[in-house]
Amino acid sequence: MNKLTWIILGIVAVVALYSWSLYNGLVKADENITGQWAQVQTQYQRRFDLIPNLVNSVKGIMNQEKEIFTALAEARTRYAGATNVNDKVQAANDVETSLSRLLVIVENYPQLRSSETVLTLMAQLEGTENRISVERNRFNDLVRIYNTKIKTFPAKIFASLFGFNEKPYFESQSGAEKVPGVNF
């Protein structure tokens, strides 16, 4: 074999090793995102398990604002029936909106805040909300890393050949930054 053949074989070997390494790295990054989304869902499930207890405790003390209780139950049901990430995000955002309104009610009624059950459930729910926030941030960090990998050269070429596409970030719905109003 001549020198040119060795050079071509060397280049092919380097490209093959790079492709193999890149593919495996993208598969790992994709799996990390999937695993992190499962963590987000675990925290959502914890929230959804706590909500009926909180709602029932609050209902036992206060029979007002049935609209909020109904909205929470409906959003929880939509989340359970959602089949893709976008539907789950929308349902989770609906839960957050209703839950925010419920929390405002609880804060405005001293007799609710003084209930031991409500206090305990509120503390657990606040902890869960913090966990959800942490898991969402981790999810978005992994998506950012993955999306950066598949958008940079030369990985972009190989990523498109291997069928790796950009992943969506978890984003809150518009208006989520506003404090919900509660009127009696």
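The values are calculated or read from the model by the stated rules, or taken from the named source; none is laboratory data. Note that this is a predicted model, so its numbers are computed, not measured. Neighbour counts run over all protein chains shown; Cβ positions are idealised from the backbone, glycine included.
Residue pairs whose Cβ atoms lie under 6 Å apart, sitting 6 or more positions apart in sequence or on different chains, and linking a residue in region 16-36 that is under 19 Å from residue 157 (Cβ atoms) to a partner that is at pLDDT below 90 and part of a helix (DSSP H, G or I), are 19/158; 22/155; 22/158; 23/162.
On the stretch given as region 54-107, residues that are modelled with pLDDT of 80 or more, not small (Gly, Ala, Ser) and not in a helix (DSSP H, G or I) total 2.
Which of the residues spanning region 26-53 are surrounded by 13 or more Cβ atoms within 10 Å (Cβ to Cβ), modelled with pLDDT of 80 or more and more than 23 Å from residue 83 (Cβ to Cβ)? Answer for region 26-53, where residues must be surrounded by 13 or more Cβ atoms within 10 Å (Cβ to Cβ), modelled with pLDDT of 80 or more and more than 23 Å from residue 83 (Cβ to Cβ): 26, 29.
Could we say that residue 184 is hydrophobic (A, V, I, L, M, F, W, C), in a helix (DSSP H, G or I) and either at pLDDT below 90 or within 25 Å of the chain's Cα centre (by Cα) (or both) here? So residue 184 fails the test.
I need the full set of residues from region 121-173 which are part of a helix (DSSP H, G or I), of a type in the set (Val, Ile, Thr) and loosely packed, with under 14 Cβ neighbours inside 10 Å, in order please. Hits for region 121-173 are 134, 145, 148, 157. Do the conditions hold for residue 176, that is, is it at pLDDT below 75, of a type outside the set (D, E, K, R) and surrounded by 12 or more Cβ atoms within 10 Å (Cβ to Cβ)? Yes: the conditions hold for residue 176.
Mind checking whether some residue in region 28-39 is among the small types (Gly, Ala, Ser) and either outside any helix (DSSP H, G or I) or farther than 30 Å from residue 127 by Cα (or both)? Checking region 28-39: not a single residue is among the small types (Gly, Ala, Ser) and either outside any helix (DSSP H, G or I) or farther than 30 Å from residue 127 by Cα (or both).
With respect to the stated conditions, residue 23 fails to be of a type outside the set (A, V, I, L, M, F, W, C) and modelled with pLDDT under 85.
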